[in-house]
Structures are given as structure tokens and as C-alpha cells.
Amino acid sequence: MKKIYSLKSCNTCQRILKALEIPEGCIIQDIKESPISNTDLEHLKTLSGSYEALFSKRARLYNEMGLKNKVLGEYDFKKLILEHYTFLKRPVVVVENQIFIGNSAKTIDAATLALKNEQ
């Protein structure tokens, strides 16, 4: 399975999608138009090891809700990601049993290589 969770309105996500050279058959899910399901989030958690790894602390709502001053656990991270799309760190690229989370150059390079190897 090749799938990318992204946000169409995010300039960074759009730049990364262009750079990835996405192969045919890869599913791109806009998490605003089609929110992540509990099943998909469970799968991502299995691949990443935790909900916290998938959680964006850079989301505007994170500060607006005062979450930086609270102690959050795995259940909280899961609940927040399911409640609002901005809490999912993005993009998330899944290539078979590999997961690449976020927009660092190192992560995007690794995702690009994995996608090329799966073509």
C-alpha cells in the first residue's frame, strides 16, 4: 500500500507532493476533505509506534487550546487527531510497512527513495 495523508491547502505539503514523484496507484488523502478514520489512525500508530509521533505540536490549535501547558497522554493525542485534522503532523507517507512523518528534508528524502523503490 502506498498512501499519503496531506492537506491540500498547505503550501509545504503541496511543495513536498510535487517533489516526491508520486507513483501510479498511490492514494493521496486530503485530511480536511476526508478526515482520517480511526482504523487508519490505528494503522499509522502501529507503524510509527505512538500517537505522539503523529501529533503536530506546531498546530495553531495546540497553542490556542493551551495544550502546551497540559500533560497529554497517548489517548489525548489520538482523540485530538481524530477531532481535528490540523493535529496530524503532515505529510504522512506510508509505503508498505514504512512510515515517514513530517516535512524535514531527511524524512522527505527517505520517503522519496522508498516510493522510487516501490515503482
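Just so you know, all these numbers are worked out from the coordinates, no wet-lab data involved. Note that the coordinates shown come from a computational prediction; the quantities given were computed from them, not determined experimentally. FYI the Cβ positions are ideal-geometry reconstructions off the backbone, even for glycines, and counts take in every protein chain you see.
Confirm whether Tyr75 is farther than 21 Å from Met1 by Cα and touching a Pro at 6+ places or on another chain (Cβ under 7 Å). So Tyr75 fails the test.
Report those helices (runs of 4 or more DSSP H) wholly inside the stretch 1-85 carrying at least 2 residues which are buried (at least 18 other Cβ atoms within 10 Å of the Cβ) and either small (Gly, Ala, Ser) or in contact (Cβ under 8 Å) with a residue 60 or more places away in the chain (or both). Show your work before the answer.
Numbers: elements: 11-19, 38-48, 60-64, 74-83.
Per the criteria, 11-19.
Looking at (1) β-branched (Val, Ile, Thr); (2) under 11 Å from the mean Cα position of the chain (by Cα); (3) farther than 22 Å from Asn117 by Cβ, which one does Ile4 not meet, given that it meets all the others? Of the numbered conditions (1) β-branched (Val, Ile, Thr); (2) under 11 Å from the mean Cα position of the chain (by Cα); (3) farther than 22 Å from Asn117 by Cβ, the odd one out for Ile4 is (3).
Look at (1) within 13 Å of the chain's Cα centre (by Cα); (2) among the hydroxyl-bearing types (Ser, Thr, Tyr); (3) farther than 25 Å from Leu113 by Cβ and you find that Ser48 fails only one, number (3).
Report yes if some residue within the stretch 55-67 is in contact with a strand residue (DSSP E or B) (Cβ under 7 Å, 6 or more places away or on another chain) and over 18 Å from Glu42 (Cβ atoms); otherwise report no.
The initial filter retains those residues of the stretch 55-67 that are in contact with a strand residue (DSSP E or B) (Cβ under 7 Å, 6 or more places away or on another chain), namely 56.
Checking the rest, the ones that are also over 18 Å from Glu42 (Cβ atoms) come to 56.
There is at least one residue in the stretch 55-67 that is in contact with a strand residue (DSSP E or B) (Cβ under 7 Å, 6 or more places away or on another chain) and over 18 Å from Glu42 (Cβ atoms).
Candidates are the residues of the stretch 86-119 that are charged (D, E, K, R) and loosely packed, with under 15 Cβ neighbours inside 10 Å; the one that is nearest to Asp30 (Cα to Cα) is Glu96. Within the stretch 90-115, being in contact with a Lys or Arg (Cβ under 8 Å, 6 or more places away or on another chain) and part of a loop (DSSP other than H, G, I, E, B) holds for Glu96, Gly102, Asn103.
In the condition set (1) more than 16 Å from Ile4 (Cα to Cα); (2) among the hydroxyl-bearing types (Ser, Thr, Tyr); (3) in contact with a Pro (Cβ under 9 Å, 6 or more places away or on another chain), Tyr85 is compliant with all but (1).
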